[in-house]
1. Being closer than 20 Å to MET1 by Cα and free of Cβ contacts under 8 Å to residues at least 24 places away in the same chain is the filter here, so list the residues in the stretch 30-63 that pass it.
2. Kindly indicate the residue of the stretch 18-39 that is closer than 11 Å to CYS60 by Cα and in a strand (DSSP E or B) and also nearest to the chain's Cα centre (by Cα) among those meeting that condition.
3. Could you run through the stretch 40-54 and say how many residues are part of a strand (DSSP E or B) and open to solvent by less than 50 Å² (accessible area, probe 1.4 Å)?
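The values are calculated or read from the model by the stated rules, or taken from the named source; none is laboratory data. These figures come from a predicted structure and were not determined experimentally. Every residue, glycine among them, receives a Cβ derived from its backbone with ideal geometry; neighbour counts consider all protein chains shown. Just the protein is used for accessible areas: all its heavy atoms, side chains included, with ligands, DNA and RNA removed. Shrake-Rupley method; radii C 1.70, N 1.55, O 1.52, S 1.80 Å.
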Amino acid sequence: MIYKVSYVVVGGEHPGAIANVEEPPEIGDTVTLGKQTFQIVDVVELMPPRGGFAFLHATCQLIPPTSYEE
């Protein structure tokens, strides 16, 4: 199954993204969008799966870089 995921960032500091992934995102997972890393805080199924595709919405928040990553 392919998961079409709409990533939305809390606070609007990042435009988010839409991506096809092979594993569904789960709360607590991390995802890299561009050069920034985010933690997923909520996942919602947008519609029932069809034709080998599932449609999900993942809300995420920025994980601040540590001093050695800057």
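1. At the first step, the residues of the stretch 30-63 found to be closer than 20 Å to MET1 by Cα are 31, 43-58.
Scanning the stretch 30-63 gives VAL43, VAL44, GLU45, MET47, PRO48, ARG50, GLY51.
2. Keep residues of the stretch 18-39 that are closer than 11 Å to CYS60 by Cα, which gives 25-33, 37-39.
Subsequent filtering for residues that are in a strand (DSSP E or B) retains 30-33, 37-39.
On the way: THR30: 8, VAL31: 6, THR32: 8, LEU33: 8, THR37: 10, PHE38: 8, GLN39: 8 Å.
The selected residue is VAL31.
3. Step one: filter the stretch 40-54 for residues part of a strand (DSSP E or B), giving 40-50, 53-54.
Still in the list and also open to solvent by less than 50 Å² (accessible area, probe 1.4 Å): 40, 43, 54.
Total satisfying the criteria: 3.
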